[in-house]
Amino acid sequence: MRKLLFSLFLLLTALRLGAQELNVTVRINTQKLQSTDPKVFATLEATVREFLNTQKWTEEVFELEERINANVLITIQEEISATSFKADIAIQASRPVYGSDYETPLINHIDKGVTFFYEQFQPLQFSQNAFNDNLSSVLAFYAYIMLGLDFDSFSPYGGEPYFQAAQDILNNVTQAAAAANPGWRSLDGNRNRFWLIENILSPRVRPYRQAWYDYHRQGLDLCASDVATGRAIIAAALEEIRNVDQAYPNSMIIQVFTDTKSQEILEIFKRGTPQEQNTVVQVMTRIDASNAAQYRAIK
């Protein structure tokens, strides 16, 4: 009887976990460590994975196959003390493309120099209305960014509640915590959490979000049944993104877009018409000038 009850408990737990929104693989790179017991980070890895995958981030009901696939790589760069660390956190997420087995990337971004405290077996606590600790706030911030990007890709501005939730997390960071943990303030540089969510919610970037929807739902998702039309819609969406870059020069969101999408765009337009290729080369060499040679090579 006890075995049966335990089996039922495991089944119910699996069903509960399956209803959550994220399916995140977590890895911690500790190659630069000198003194901290590696077991601490094995525990941290499991704690981060549980935090991201079991937290209910939305009111929506997700089927197992609908969860957002993501990877989080935490590279420990410095041991400040036995329980204090500085790390680079790489965030990747994707969503399936309709009618194919291909997954399109939603974000490919590295948040550098994230500081946090951690003691072995310490749980990560999240509150939507208060700042508890830096690591849980950073992870929750990116959970909502991933959700927002995913929902925006399926309906125009569908990610708004989740971007607002990310903004709330930023607003809940106290002045003292923000001063001790860089990345939450505008003065911490021009490529950080503050500027990422500022860009996303800026009226100047509103057309980018419409183009993001067009690129994915109207373009990529159509390619399985009508590749020529889908590719043409993607090219038009890229032109709109260039217009946003002109209206808001040097915005972080455009850099995140090119970091995420450059290889995909190259693959799509290798088979494009000469006119599409010309358009894409003009657009991408402007918004991603450092990789201009790659784009010119598609012609």
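No value in this document is a laboratory result; all are computed from the given coordinates. As the structure is a computational prediction, the values presented were derived from the model and not from experiment. Note that each Cβ is placed from the backbone with ideal geometry, even for glycine, and that neighbours are counted across all protein chains shown.
Taking only C-alpha pairs under 8 Å that are 6+ residues apart, what is the relative contact order of the stretch 174-257 in percent?
About 26 percent, as a whole number.
Where Lys and Arg each count +1 and Asp and Glu each count -1, what net charge lies around LYS86 among other residues with Cβ under 15 Å from its Cβ?
Working: positive: LYS32, LYS112; negative: GLU78, GLU79, ASP88, ASP111, ASP133, ASP188.
Overall, the nearby charge balance is -4.
Quick check on the chain: of the DSSP beta bridges with both residues there, what percent are antiparallel, nearest 5%?
Values: 22 of 30 bridges.
Within the chain, antiparallel bridges account for around 75 percent of the total.
Counting Lys +1, Arg +1, Asp -1, Glu -1, what net charge surrounds ARG193 among other residues with beta carbon under 11 Å of its beta carbon? Intermediate results must be reported in sequence, preceding the final value.
Values: positive: ARG185, ARG191; negative: ASP111, ASP188, GLU198.
Result for the neighbourhood of ARG193: -1.
Starting from the eigenvalues of the Cα gyration tensor, five times each then square-rooted, give me the equivalent ellipsoid semi-axes of the stretch 64-154, largest first, whole Å. Present the calculation step by step, with values, prior to reporting the outcome.
Values: eigenvalues 167, 45, 23 Å².
Largest first, the stretch 64-154 gives 29, 15, 11 Å.
How large is ³J(HN,Hα) for each residue in the stretch 228-234, as worked out from phi by the Karplus curve 6.51 cos²θ - 1.76 cosθ + 1.60 (θ = phi - 60°), to whole Hz, x for Gly and Pro?
Taking θ as phi minus 60°, the curve returns 5, 5, x, 5, 5, 5, 4 Hz for the stretch 228-234.
Working out 0.36 nm times the residue gap between LEU73 and ASN250, then minus their Cα-Cα distance, what length gain in nm do you get to one decimal?
The LEU73-ASN250 span can extend by a further 61.1 nm.
Mind listing the long-range amide H neighbours of ARG95? Cut-off is under 5 Å, sequence gap 5 or more, other chains count too, H placed in the peptide plane at 1.01 Å from N.
Correct list: THR104, LEU106.
Where does the Debye-calculated log10 I(q)/I(0) of the stretch 20-201 sit at q = 0.19 Å⁻¹, using only Cα point scatterers of equal weight, no solvent?
-1.39
What net charge do the residues around THR174 carry, taking every other residue with its C-beta under 12 Å from that of THR174, with Lys and Arg at +1 and Asp and Glu at -1?
Details: positive: ARG185; negative: ASP133.
Net local charge, THR174 excluded: 0.
When only alpha-carbon atoms count, how far does the stretch 12-125 stretch along each of its three principal axes, as whole angstroms with the largest first?
That gives 49, 31, 20 Å along the principal axes, largest extent first.
Ranked highest first by the average count of other Cβ atoms within 10 Å around their residues, in what order do 131-142, 115-126 fall?
Top to bottom by mean Cβ count within 10 Å: 131-142, 115-126.
State the Cα centre-to-centre distance between the stretch 22-61 and the stretch 201-260 in whole Å.
With the stretch 22-61 and the stretch 201-260 each reduced to a Cα centre, they are spaced 32 Å.
Per DSSP H run of n ≥ 4, the term is -39500 (n - 2.57); total these for the chain, divide by its residue number, and report the mean residue ellipticity at 222 nm rounded to 500 deg cm²/dmol.
Helix contribution divided over all residues of the chain: -16000 deg cm²/dmol.
Dividing the alpha-carbon radius of gyration of the stretch 205-299 by 2.2 N^0.38 Å (N being the number of residues), what value is obtained?
Taking the Cα Rg and dividing by 2.2 N^0.38 Å, one obtains 0.99.
Along the principal axes of its C-alpha atoms, what lengths does the stretch 111-263 span, in descending order and rounded to whole Å?
Extents along the principal axes: 54, 32, 26 Å.
For the stretch 150-195, what does the relative contact order come out to in percent, with C-alpha contacts under 8 Å and a separation of six or more?
Details: 26 pairs, mean separation 9.4, N = 46.
The value is 20 percent.
So who's got an amide H within less than 5 Å of the one on GLY113, skipping anything under 5 residues away but keeping other chains? H placed 1.01 Å off N, in plane.
Correct list: ALA87, ASP88, ILE89.
Please quote Rg/Rh for the stretch 88-136 to two decimal places, taking the Kirkwood radius as Rh and restricting both calculations to Cα atoms.
1.15
With each label point set 7 Å from Cα along the Cα-Cβ vector, what nm distance links GLN263 and LYS112?
So the label points at GLN263 and LYS112 sit 2.0 nm apart.
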